[in-house]
Amino acid sequence: MTDDTEGDGAADAGTNAPETKAPETKAPQTKAPSGPPQINISHQYVKDISFESPNSPQSLMPGQKMPNIEVNFDVQARPASDGRFEISLRITADATNVDSGAKVFVVEVVYAGMFALQNIPEEHVHATCLIECPRLLFPYARRVVSDLTRDGGFPPLMLDPIDFSDIYRHNMERQQAEAQSDGPSNGGNGNGDGDASSSGPGNGSGGDGGDA
């Protein structure tokens, strides 16, 4: 598993406080936009995937209580040499037994896409990479997470929609406040190659762990 988004019988979903690096995504040098903004995906793919169920088959037996499920996500934007951007959406879901705290399952999926941005002003590229691009990837990543938990013997974990715009705004406000109070930090302005990131908590629900 690795580190830098969204009923009756639903499992409780916990969250971790988001932890982000203030990014600086640099757009390729282009002429002034002429025409409507366009976001094109040339490729989309599973970049990394894992599923752990350390206490099966006991955790799959009938009568098990619904686990606590903690969901987190992380978005990474990396410029490619051809002017496109690779956007990676990492989703982790950690389910634990409500009584013992034992692991029920751990899911991690990194779903990525190659994006070409056209007619988007340079000052809007950063937000586009961390809001609009992961929003397009999320339904596919959500399906992968659902299939993984189902294939692991549990009810499918259905992630709630993620408001990437709201989380982006909160992250930027927090980073600006930290910059004003503490001065520049290692993560304050992103790194030299223009990589960007945004992360935060999410929510999900599933059924009774013993009825899969």
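Read-outs throughout are calculated quantities, based only on the coordinates presented, and are distinct from any laboratory measurement. Fair warning: this is a prediction, and the values are worked out from it, not measured in the lab. For neighbour counting, all protein chains shown are included, and Cβ atoms are generated from backbone atoms with ideal geometry for every residue, glycine included.
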Original post:
If you rank Ser56, Ser81 by fewest surrounding Cβ atoms within 10 Å, what's the result?
Top reply: Ser81, Ser56
Original post:
Any idea how far the Cα center of the stretch 140-177 sits from the one of the stretch 61-134, in Å?
Top reply: 6
**OP:** Starting from the Cα-Cα distance between Val98 and Glu122, subtract it from 0.36 nm times their residue separation and give me the gain in nm to one decimal.
**Re:** 3.9 nm
